[in-house]
Amino acid sequence: MLPIYKNKILLTDYISSVRQAEKTVGFVPTMGALHDGHISLIEKSSEESDITVCSIFVNPTQFNETSDFEKYPRMIEKDIQILGNTNCSVIFAPDSKEIYTDESIDLIDIKLGYLEHELEGKFRPGHFKGVVSVVKRLFDIVQPDKAFFGQKDYQQFMIIKKMVEHFNLKTELICCPVIREKDGLAMSSRNLRLTPKERDFAPTIYQSLIGAKELLGKSTIKEIKSWAESLLSKNDLVELEYFEIRNAEDLKPVKDVNEVNELAILAALKVGKVRLIDNILVKPH
Ligand code: AMP
């Protein structure tokens, strides 16, 4: 059976033995309620590493709304079963006290620059401090050679890149493609909380991203944004937070799409009570 560590010291001992055997460590941090998006990261890690550690930890410090934290799906037994059918080598499922002695004072406060208060940072104050705080601690425990993240949380990936640069960590970061349902909806643990009506609407998010991509070069960014905003806001269930077309390199606004190598088209909205995000990357030339 797949080994499950709850204790960080025991996991560290295990990792040391792996290192002594000169094996490489791949790491996939998750908050559980696993789906094929998570599994794609595990499989990528196992292709590129000798052993793969998957962590399952619903990190309290990255939730800016208590109700979102409380309602976040937790299904550890099912997750363990799912991971047993993958190439995952070991699960790390710590309690909060393994990670934080005190969640309010244990936050890692590094300068994240422009990215911290934009897009996700603007709508989820404090979110990225929580993300950095947990990922740095997990990296300290797992000491991965490579860590695998999803493009689904593109801004989060860029923030973690900043953190790795800030602390001069040796871990290589790998960004993996968004895995989608057949109708285009990006897989997310939060999708489980959608009502049937909300689930029917949810693929419109991906349609708005693809529609915007098709309009590039034919309409201005302003026109494309307002087309997408009206498509997404048409439904009473929806509270749109942002629809943006940005430079994929730094997520700064773009005046002329021809001036950048790659664009990120990003959306965040509440569908009912469930907050969903998605993005696509597009080469404009
Ligand atoms: P989470 O459990 O939501 O914190 O996600 C854990 C990791 O899985 C993060 O790196 C996410 O970006 C990634 N992830 C979540 N959903 C998807 C998806 N649909 N496709 C690919 N990666 C994903």
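Compute the acute angle (0 to 90°) between the alpha-carbon long axis of helix 221-233 and the principal axis of greatest extent of the alpha-carbon atoms of the chain; round to the nearest 10°. Long axis of 221-233 versus the principal axis of the chain: about 80 degrees. Each of 2, 151, 18 was scored by the projection of its Cα onto the charge dipole of the chain, and the greatest displacement toward the positive side belongs to 151; charges sit on the C-beta of Lys, Arg, Asp and Glu.
For the range 71-113, the convex hull spanned by the alpha carbon atoms encloses 160 Å³ per residue.
Look at the Cα gyration tensor of the range 189-280: its axes a ≥ b ≥ c give a/c of at least 1.5 with a/b over b/c, and that counts as prolate. Ordered by the number of other Cβ atoms lying within 10 Å of each residue's own Cβ, fewest first, 128, 157, 27 fall into the sequence 157, 128, 27.
In the elastic network of the chain, a GNM with C-alpha springs shorter than 10 Å, the most mobile of 136, 146, 71 is 71.
The modelled label-to-label distance between residue 66 and residue 78, using points 7 Å beyond Cα along the C-beta direction, is 2.7 nm. For a quick check, take a GNM of the chain with Cα springs below 10 Å and name the residue from 163, 75, 187 with the largest mean-square fluctuation. Looking only at 163, 75, 187, the largest GNM fluctuation is found for 75. Report, in degrees rounded to the nearest 10, the 0 to 90 angle that the Cα long axis of helix 154-166 makes with the longest principal axis of the chain. Its long axis makes an angle of about 50 degrees. Using equal-weight Cα scatterers in the Debye expression, the normalised intensity of the chain in log10 at q = 0.07, 0.15 Å⁻¹ is -0.26, -1.21. When the pairs 122/273; 78/136; 111/283; 78/161; 218/255; 71/111 are compared against a 21 Å limit on Cα-Cα distance, 78/136; 111/283; 78/161; 71/111 fall above it.
Could you work out the percent of alpha carbon pairs in the range 159-199 separated by over 12 Å, rounded to a whole number? In whole percent, the long-distance tail amounts to 71. Relative to the longest principal axis of the Cα atoms of the chain, the long axis of helix 204-215 makes an angle of roughly 60 degrees. Highest mobility in the GNM of the chain, judged by mean-square fluctuation with C-alpha springs under 10 Å and restricted to 79, 102, 68, is found for 102. Binning the alpha carbon pair distances of the range 1-105 at 5 angstrom intervals from zero yields the distribution 2, 12, 21, 23, 19, 14, 7, 2, 0, expressed in whole percent. Once the Cα-Cα distance is subtracted from the 0.36 nm per residue extended length, the residue 172 to residue 223 segment shows a gain of 14.5 nm.
Once you charge only the Cβ atoms, +1 for Lys and Arg and -1 for Asp and Glu, what is the size of the charge dipole of the chain about its Cα centre, to the nearest 20 debye? It would help to have the intermediate numbers written out before the result.
Details: 38 positive and 43 negative charges, 62 e Å.
The calculation lands at about 300 debye.
Within the shell defined by Cβ-Cβ distances under 13 Å, the residues around residue 124 carry a net charge of -3, with Lys and Arg each +1 and Asp and Glu each -1.
None of the figures in this text is laboratory data; all of them are computed from the coordinates on show. No experiment lies behind these values; they were computed from the predicted model shown. Note that each Cβ is placed from the backbone with ideal geometry, even for glycine, and that neighbours are counted across all protein chains shown.
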